[in-house]
Amino acid sequence: MKHVPDATADRTFTEEGETDRESVDSLLSELDEYAVEQALRIAESGVDAEISYLTVGPDDAKDALRKALAMGGDSATHVSDEDIEGSDAFGTSLVLARAIERHGFDLVLCGMASTDGTMGVVPALLAERLGVPAVTHVEELTVEDGTVTGRREGDSATVRVRGTLPAVVSVTDRSGDARYPSFKGIMAAKKKPLETLDLANLGIDAGQVGRTGARSAVDTATRRPPRSKGEIVADDGVGGAGLAAFLTARKFA
Amino acid sequence: MAEILVLVDHTDGVVRKPTLELLTLARRLGEPSAVFLGRDADSATEALGRYGAHKVYVVDAPEVDELLVTPAVDALTQIAENTGPAAILLPSNPDGKETAARVALRLESGLITDAVDIVVGGNGPVTEQSAFAATYQVTAHVTRGIPVITVKPNAAAPEPAPVTPEIEKWDVTFGPASAAAKVLSRSPRERGDRPELTEADVVVSGGRGVNGAENFAVIERVADTLGAAVGASRAAVDAGWYPHSHQVGQTGTQVSPQLYLAAGISGAIQHRAGMQTSKTIVAVNKDQDAPIFELADYGVVGDLFQVLPQLVEEIERRRS
């Protein structure tokens with residue numbers, strides 16, 4: 001799970017070129033809700049499953065876990081450590097992989113990307129670090145007989161892929177609408193176990209993560225100038241012809 | 001001159017346009033070498049040479065088709081370990097990004113995804129990216145190892161620079177198949193006469209205002225008149241009016257064409273995130289308060305079923 005700045009708000013960068021988490025409210029990344037939904041559906045399909053959520057982030061990242069727990073599931077782990085701040089995808093995936101190994105797993109479900117960084121590489125990095133198959137970007141998934149099968153819509157082809165468990169799976173926003181937490185769910189979530197870990201618990205040196213461990217650096221982050229006000233005309237019967245003239249003048253027609 | 005590795009994106013040996021863009025960008029940084037996985041390398045070599053690939057590393061093995069992503073990771077990592085390139089460039093699609101991340105992890109190198117431009121800097125390549133629904137422009141560089149960079153389509157116009165490439169066949173040692181996802185089947189998407197969404201110079205998209213699958217013919221007619229690809233908003237896709245593969249937006253395809261024409265699309269933040277970097281934006285919408293008009297270089301407040309047919313008619317009249 002990732003706790004991210006609200007994508008509908010005006011998001012900004014700090015002077016260090018990092019996401020400003022102070023200026024806007026954060027919430028559970030919308031794309032991760034689809035992973036929660038798939039986990040719940042697998043458990044509801046009759047598989048004997050225990051669902052545990054995991055997030056890395058500052059204190060309020062716990063809110064993302066509470067939201068997921070309110071949708072369903074059993075327990076959650078929050079990894080929080082000042083030294084993690086400023087981590088890139090490599091640092092984040094190291095922390096996640098160690099926490100996953102500590103807990104033990106059959107299936108790691110992820111959203112296809114976070115709605116803030118939008119790199120979409122953490123699932124693949126987790127699979128690489130854990131040494132298990134990655135069934136990524138799937139719109140449809142089936143778990144049976146120790147395997148996970150998914151349908152993946154690529155740029156030029158539809159591909160069906162299968163991995164043996166344990167595996168890492170990432171699901172797209174086409175995998176199925178995520179449910180809303182019920183009032184009962186929200187109340188129940190308050191009682192579900194939520195464990196907090198730091199880097200020492202995971203045996204990770206501070207230098208491997210955070211800004212020190214990061215392998216790339218932002219040089220500049222500048223707000224794009226607003227687009228200059230365009231010409232907006234009301235259609236008075238010749239709107240299409242006017243548009244044709246505009247496109248012709250710009251050499252598009 | 002420093003060697004730059006470029007992973008080739010192709011369908012049965014037909015090199016896709018984003019690869020030609022990568023070769024063009026790679027020439028700014030050094031001497032491009034293409035890494036080709038699969039059969040039909042011969043037919044691709046000509047195109048790769050035309051855009052400046054001095055070398056083509058060819059990896060032809062059954063694993064390439066049988067496993068997802070990992071064969072490309074094994075290949076690129078092993079070639080990079082042997083050749084010590086100054087950078088590795090890949091296309092910014094799901095496969096390209098996942099390959100890039102794993103290669104960077106194995107090479108203990110840094111990664112930048114979704115670059116829209118690359119220039120030479122004092123400490124290696126400097127990339128430009130769009131962030132937060134394209135409201136920010138970010139420049140960045142890799143601080144460790146061989147820079148691994150994925151580049152979005154349309155980041156550069158492909159420029160020919162013909163050379164005759166040297167072909168080098170590579171025997172890659174593939175990792176255990178048990179740690180990989182196996183490909184059960186691949187069904188190529190039927191390609192129409194229209195350009196692909198990611199590669200098109202012009203995209204014409206329809207949204208909620210199109211109000212029905214059959215009405216998308218109006219959008220397609222405009223697209224065909226302008227030689228454009230057809231896009232659709234999430235609302236139109238969710239309603240089942242147009243296939244998901246055409247969805248433009250944060251979670252669909254992100255496009256950056258020369259011209260983006262949005263018809264019947266209000267311009268929710270998720271849609272804007274997918275098209276805001278288009279060079280020229282045109283909007284047609286009944287609602288004068290639609291947020292899409294804030295982005296538009298030219299907007300018509302009106303009924304798309306009146307405006308678009310007239311647009312087509314007028315263009316055809318001007319042409320004849």
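The values are calculated or read from the model by the stated rules, or taken from the named source; none is laboratory data. All figures in this text were calculated on a predicted structure; none of them were measured in a lab. With ideal geometry, Cβ positions are generated from the backbone for all residues, glycine too; neighbour counts draw on all protein chains shown. Keep in mind that these areas ignore ligands, DNA and RNA; they rest on the heavy atoms of the full protein, side chains included. Shrake-Rupley method; radii C 1.70, N 1.55, O 1.52, S 1.80 Å.
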Are any residues in the stretch A:3-27 hydroxyl-bearing (Ser, Thr, Tyr), touching a residue at least 12 places away in the same chain (Cβ under 8 Å) and in a loop (DSSP other than H, G, I, E, B), and if so, which ones?
A:Thr12, A:Ser23
Kindly indicate the residue of the stretch B:70-103 that is of a type in the set (Val, Ile, Thr) and open to solvent by less than 20 Å² (accessible area, probe 1.4 Å) and also farthest from the other protein chains (Cβ to nearest Cβ) among those meeting that condition.
B:Ile79
Would you be able to say whether some residue in the stretch B:274-286 is under 19 Å from A:Ala7 (Cβ atoms), more than 7 Å from chain A (Cβ to nearest Cβ) and free of Cβ contacts under 8 Å to residues at least 60 places away in the same chain?
yes
Residue list for the stretch A:111-128, restricted to those being modelled with pLDDT of 95 or more and open to solvent by less than 20 Å² (accessible area, probe 1.4 Å)
A:Gly111, A:Val121, A:Pro123, A:Ala124, A:Leu125, A:Leu126, A:Ala127
Return the pair list, or none, for Cβ contacts closer than 7 Å from residues in the stretch A:153-178 that are at the interface with chain B (Cβ under 7 Å from one of its Cβ atoms) and open to solvent by less than 20 Å² (accessible area, probe 1.4 Å) to residues that are in a loop (DSSP other than H, G, I, E, B) and among the small types (Gly, Ala, Ser), at least 6 apart or on different chains.
A:Val161/B:Ala181; A:Gly163/B:Ala181
Quick check on my filter: what residues within the stretch A:209-253 are more than 8 Å from chain B (Cβ to nearest Cβ), touching a Gly at 6+ places or on another chain (Cβ under 7 Å) and not hydrophobic (A, V, I, L, M, F, W, C)?
A:Gly210, A:Arg211, A:Gly213
If you take just the strands (runs of 3 or more DSSP E) that sit entirely in the stretch B:136-235, which of them hold at least 3 residues that are within 14 Å of another protein chain (Cβ to nearest Cβ) and open to solvent by 10 Å² or more (accessible area, probe 1.4 Å)?
B:136-142, B:182-188
Given (1) within 12 Å of chain B (Cβ to nearest Cβ); (2) crowded, with 17+ Cβ neighbours inside 10 Å; (3) not charged (D, E, K, R), A:Ala9 misses just (2)
Here the residues within the stretch A:49-69 that are farther than 17 Å from A:Pro5 by Cβ and either of a type in the set (S, T, N, Q) or open to solvent by 70 Å² or more (accessible area, probe 1.4 Å) (or both) are A:Glu50, A:Ser52, A:Arg66
